[in-house]
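Trainee: The structure's right below; bear with me while I get my questions together.
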Amino acid sequence: DKWDYLLSNGRLVLGFAGDDSHDEDELCAGWNMVRAESASPDAVFKALKTGNSYASSGVTLTDIYRKNDLITVESSDGEEIQAIGYGGKVFAAVQDSRMTVDISRWNTNYIRLAIYGPGSAMAWTQPFFKVMP
């Protein structure tokens, strides 16, 4: 809700996952996946800094891409996908591992995708802005 509040009010804020673990059994509850040119620290940091990443607590995305106003996400283990925009409103949802949305259809300045998998596993994409910043 805080992320959607900031995005809805014009802030360009990227999402990240992180563990606040105090016990060994709490490790690896959330992590960031990057699309980087290599596994070098510079390439990974560049991917994080430019938003070429997604956050996960167990769901794996096989592709995320945008072509004009169409945004597509694909997952190997997703079961439901939601397109979330202005004010945290769910603009569309599918019970599937793939979804394509047309951001021009809705009155929102951004769309982000939340992908839900088995149990409580999920992943969330970076926001896609209607007008590229």
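The values are calculated or read from the model by the stated rules, or taken from the named source; none is laboratory data. Everything numeric here is computed off the predicted structure, so don't read it as measured data. Neighbour counts run over all protein chains shown; Cβ positions are idealised from the backbone, glycine included. To get the accessible areas, we keep the full protein, side chains included, count just its heavy atoms, and leave off ligands, DNA and RNA. Shrake-Rupley method; radii C 1.70, N 1.55, O 1.52, S 1.80 Å.
Trainee: Could you tell me how many of the residues in segment 97-112 are of a type in the set (D, E, K, R) and crowded, with 16+ Cβ neighbours inside 10 Å? Please lay out each step first, then the result.
Mentor: To start, the set of residues in segment 97-112 that are of a type in the set (D, E, K, R) comprises 98, 102, 105, 112.
With the extra rule that they be crowded, with 16+ Cβ neighbours inside 10 Å, the set shrinks to 112.
Residues that pass the stated criteria total 1.
Trainee: Additional query: Applying the selection to segment 36-54, what residues are within 13 Å of the chain's Cα centre (by Cα) and closer than 20 Å to ILE103 by Cβ? Can you show your working first?
Mentor: As a first pass, look at segment 36-54 and keep what is within 13 Å of the chain's Cα centre (by Cα): 48, 51-54.
Scanning segment 36-54 gives GLY51, ASN52, SER53, TYR54.
Trainee: When segment 1-35 is examined, which residues are found to be touching an Asp or Glu at 6+ places or on another chain (Cβ under 9 Å) and either aliphatic (A, V, I, L, M) or at pLDDT 90 or above (or both)?
Mentor: So the first thing to find is which residues in segment 1-35 are touching an Asp or Glu at 6+ places or on another chain (Cβ under 9 Å), and the list is 19-20, 26-31.
Correct list: LEU27, ALA29.
Trainee: While we're looking at this one, here's another question. For segment 45-57, how many residues are more than 19 Å from GLY117 (Cα to Cα) and either open to solvent by less than 30 Å² (accessible area, probe 1.4 Å) or charged (D, E, K, R) (or both)? Before you say what the answer is, go through the steps one by one.
Mentor: Keep residues of segment 45-57 that are more than 19 Å from GLY117 (Cα to Cα), which gives 45-52.
Pick out the ones that are also either open to solvent by less than 30 Å² (accessible area, probe 1.4 Å) or charged (D, E, K, R) (or both) and you get 46-47, 49, 51.
Here the count works out to 4.
Trainee: Would you say ILE115 is crowded, with 16+ Cβ neighbours inside 10 Å and free of Cβ contacts under 8 Å to residues at least 60 places away in the same chain?
Mentor: Details: crowded, with 16+ Cβ neighbours inside 10 Å: yes; free of Cβ contacts under 8 Å to residues at least 60 places away in the same chain: yes.
In short, yes.
Trainee: Any idea how many residues of segment 69-84 are without any contact (Cβ under 8 Å) to a residue 40 or more places away in the chain, surrounded by 15 or more Cβ atoms within 10 Å (Cβ to Cβ) and assigned to a strand (DSSP E or B)?
Mentor: Total meeting the criteria: 5.
Trainee: Determine whether VAL94 is of a type in the set (Val, Ile, Thr), modelled with pLDDT of 90 or more, surrounded by 15 or more Cβ atoms within 10 Å (Cβ to Cβ) and farther than 14 Å from MET122 by Cβ. First the steps, then the outcome.
Mentor: Working: of a type in the set (Val, Ile, Thr): yes; modelled with pLDDT of 90 or more: yes; surrounded by 15 or more Cβ atoms within 10 Å (Cβ to Cβ): yes; farther than 14 Å from MET122 by Cβ: yes.
Here the answer is yes, as VAL94 does meet what is asked.
Yes/no per residue for (1) surrounded by 15 or more Cβ atoms within 10 Å (Cβ to Cβ); (2) part of a strand (DSSP E or B); (3) basic (Lys, Arg):
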{"residue": "ASP4", "(1), (2), (3)": "yes, no, no"}
{"residue": "GLY18", "(1), (2), (3)": "no, no, no"}
{"residue": "ALA36", "(1), (2), (3)": "yes, no, no"}
{"residue": "ASP42", "(1), (2), (3)": "no, no, no"}
{"residue": "VAL59", "(1), (2), (3)": "yes, no, no"}
{"residue": "ILE64", "(1), (2), (3)": "yes, yes, no"}
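Trainee: What is the residue count in segment 118-128 for residues that are open to solvent by 30 Å² or more (accessible area, probe 1.4 Å) and hydrophobic (A, V, I, L, M, F, W, C)?
Mentor: Step one: filter segment 118-128 for residues open to solvent by 30 Å² or more (accessible area, probe 1.4 Å), giving 118-120, 122, 124, 128.
Checking the rest, the ones that are also hydrophobic (A, V, I, L, M, F, W, C) come to 122, 124, 128.
Within segment 118-128, residues that are open to solvent by 30 Å² or more (accessible area, probe 1.4 Å) and hydrophobic (A, V, I, L, M, F, W, C) number 3.
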